[in-house]
Amino acid sequence: MEDRNILSENMQYLATHSATSEEAKTQFLLFISELVSQCFLLLLPKNSIDHYQLDEDTYWALNQFLIEQADSLEDAKSTTEIDWDRIEESTHQFHKRAVELFPNCTEKSCHATIDLYEKYLLYKQLYPDSRTNLWEQIKNYILRTGFIFNLEIVQPQTPYQATLGLSKLPNELLMLDDVIAMQAYTLQILQNSDSPLPKAKILSFLAQKNNTDKLYDINKFKKYIIKPLQQVGLIATENFKGYFFVRNANDLKIAHQKQEEELNLQIEKAQKKLRLLKLRGKAMGVAL
Amino acid sequence: MSALSSLSNKILKSNIEAMPATSCFEDTDIKHIELGAGCGNFGKQFFPPCYLTDANKALLEQCQPCSLDCICEAQNIPCEKNRFSKVLICNPFGYGFYTAEQTKQLLDELVRVLESEGKIIVLGNQTNKYFKPSKLEKQIKSYESQTQDTELSVEVEDLNDKIEQLYPNYSFFQCDGKTPAKVTHQAIITLRKTSL
Ligand SMILES: C[S@@+](CC[C@H](N)C(=O)[O-])C[C@H]1O[C@@H](n2cnc3c(N)ncnc32)[C@H](O)[C@@H]1O
């Protein structure tokens, strides 16, 4: 579908769907956590990731890095020449529509959102059929709910936090966890350990690194730190022995097996749901 | 609509009272200048002798080692006109060829500091909106049509993995100074001043 059509179609949703700012924060954190784990996958082992933490320069750098590494992510070579006129026209329309709907969507408050949308379009031009366009989900969320994300790091606070501005009237500010540093620290402790480490150990290491006694929320830890790193095969777990850094072919096989098991579980669940629907269809005289 | 305009604003503000600008380019034998050089030394390595500059004063402390000769903005280079024969720009971010207005600001200054037949060499990724290699010629021609006394010709090359042959063993970086940047295109803009 043409970018322009996607835009006009999805724009109908803007501001109509009600979502809470907590949900929006979750979406944005999920986006960053996947962005970071994919970047770390490509950066390691050549580059040191010790000093990575969420600041504006790093956030922009990682976004740009990942788009520049699209060929590695897709394991293919795009021959597309970017059509900047098309990208600019689409982002311009996006901006115009957003300003109509949210008068407080100024150049300053909207630029991060527009940039996300632009990255989505760029990736789509490079790989139109890709199912792994990282920016797609966050773009859909923005279009569906009308949330406009703006990353503002006025002052680096504790290493845990940055501020997420959500420009849905009225303008809201939410504290954002520093998932960049936490993924980096998690990799660091696992890389330095010869044996698998339990969650509790990693969590207390994170707290220590962040100069706090308070442990990071376990559910968030699983969602934003462990899962994204597992998904890209940087860490793995086996038989509840804890997590370990994937160092060799054997480790990777374990990680792969685990993902396969999870996939099979999902397939089974979906198949069960389909069976139930078929049963319901049968009762209604419809063959599904 | 400038995605990184806040970045350039930040840089602008942080640069007041930067290095004493007048003493920046004293050696008149040095006719090359790199802009937005960051912590790199591309110009000194591949186009010596060359002055390295960047707008971000904080780099003087952050880069280890720091090879910068001058803290200045690409749009405001503290030197007399016709001072240089080559201007180098690698991975521009926060300045460059994003909007027509930015392009004009930058080119006005580069036309001023370059001598006739001088060249601007730009390196970057095709997804970099401050470069936009596929649109650069159009942008330059549009700028040219608004100016008098200057002709500009542009050659854009898709380096297609030739970067290692052209500039071997060199690492480019994003604006955070630690994340690698990938160069895919090179543009060479040659300018000719018709009335000197
Ligand atoms: C992506 S980095 C590139 C660094 C280096 N050239 C490389 O390729 O590795 C962009 C650099 O441009 C600098 N910069 C941003 N705005 C600038 C401006 N208006 N004038 C000069 N430099 C600027 C930043 O401080 C940063 O060091």
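The values are calculated or read from the model by the stated rules, or taken from the named source; none is laboratory data. As the structure is a computational prediction, the values presented were derived from the model and not from experiment. No Cβ is skipped: glycine too gets one built from the backbone with ideal geometry, and neighbour counts run over all protein chains shown. Please note that ligands, DNA and RNA were not included when accessible areas were found on the heavy atoms of the full protein model with its side chains. Shrake-Rupley method; radii C 1.70, N 1.55, O 1.52, S 1.80 Å.
Along chain B, the exposed loop sites are GluC sites (Glu not before Pro) outside DSSP states H, G, I, E and B with at most 16 other Cβ atoms within 10 Å, and the longest stretch free of them is B:81-196.
Calculated on the Cα set of the protein assembly as shown, radius of gyration then Dmax: 24.8, 91 Å.
Stretched out straight at 0.36 nm per residue, the stretch from B:GLN64 to B:SER171 would grow longer than its current Cα-Cα span by 37.1 nm. For the protein assembly as shown, the Cβ-based charge dipole about the Cα centre amounts to some 2020 debye (Lys, Arg positive; Asp, Glu negative; other atoms uncharged). The distance linking the range B:71-87 with the range A:215-229 is 49 Å (Cα centroid to Cα centroid, whole angstrom). Of all lysines in the structure, the ones whose alpha carbon falls short of 26 Å from that of A:LYS124, not counting any fewer than 8 places away in one chain, are A:LYS25, A:LYS77, A:LYS96, A:LYS108, A:LYS139, A:LYS227, B:LYS129, B:LYS132, B:LYS135, B:LYS138, B:LYS162, B:LYS182. The figure for A:VAL286 is an accessible area of roughly 70 square angstrom, using a 1.4 Å probe on the protein chains alone.
Computed from label points 7 Å out along Cα-Cβ, the spacing between B:ASN76 and A:VAL99 is 2.6 nm. Here r is the Cβ-Cβ distance between A:LEU173 and B:GLU137 and R0 is 35 Å; the resulting FRET efficiency, rounded to 0.05, is 0.25.
Using a probe of 1.4 Å, the accessible surface attributed to A:ILE218 totals some 70 Å² when neighbouring protein chains are kept in position.
In terms of its C-alpha gyration tensor, the range A:30-159 has an oblate overall shape, because the principal axis ratio a/c (a ≥ b ≥ c, square roots of the eigenvalues) is not below 1.5 and a/b does not outweigh b/c.
When all protein chains stay in place and ligands, DNA and RNA are ignored, the 1.4 Å accessible-area order of A:MET175, A:MET284, A:MET182, largest first, is A:MET284, A:MET175, A:MET182.
The length gained by stretching the chain between A:GLU268 and A:ASN248 to full extension, at 0.36 nm per residue less their Cα-Cα distance, is 4.2 nm.
Remark: mean inter-chain Cβ contacts per residue of B:166-176 equal 3, using a 10 Å Cβ-Cβ cutoff to other protein chain atoms. In the protein assembly as shown, taking the dipole from charged Cβ atoms about the Cα centre, the farthest positive-side position among A:PHE245, B:GLY177, A:TYR127 is held by A:PHE245.
Working from label points 7 Å from Cα in the Cα-to-Cβ sense, the A:SER21 to A:GLU89 distance is 3.8 nm. Ordered by solvent-accessible area of protein heavy atoms (1.4 Å probe), largest first, the residues A:ASP251, B:ASP149 come out as B:ASP149, A:ASP251. Computed on the Cα trace of chain A, the radius of gyration divided by the Kirkwood hydrodynamic radius gives Rg/Rh = 1.00. For chain B, the 222 nm mean residue ellipticity estimated from helices alone, with every DSSP H stretch of n ≥ 4 adding -39500 (n - 2.57) and the total spread over all residues, rounds to -7000 deg cm²/dmol. So which cysteines in chain B don't have a second cysteine's C-beta under 4.7 Å from them? Taking the Cβ cut-off of 4.7 Å, the unpaired cysteines of chain B are B:CYS50, B:CYS72, B:CYS79, B:CYS90, B:CYS175.
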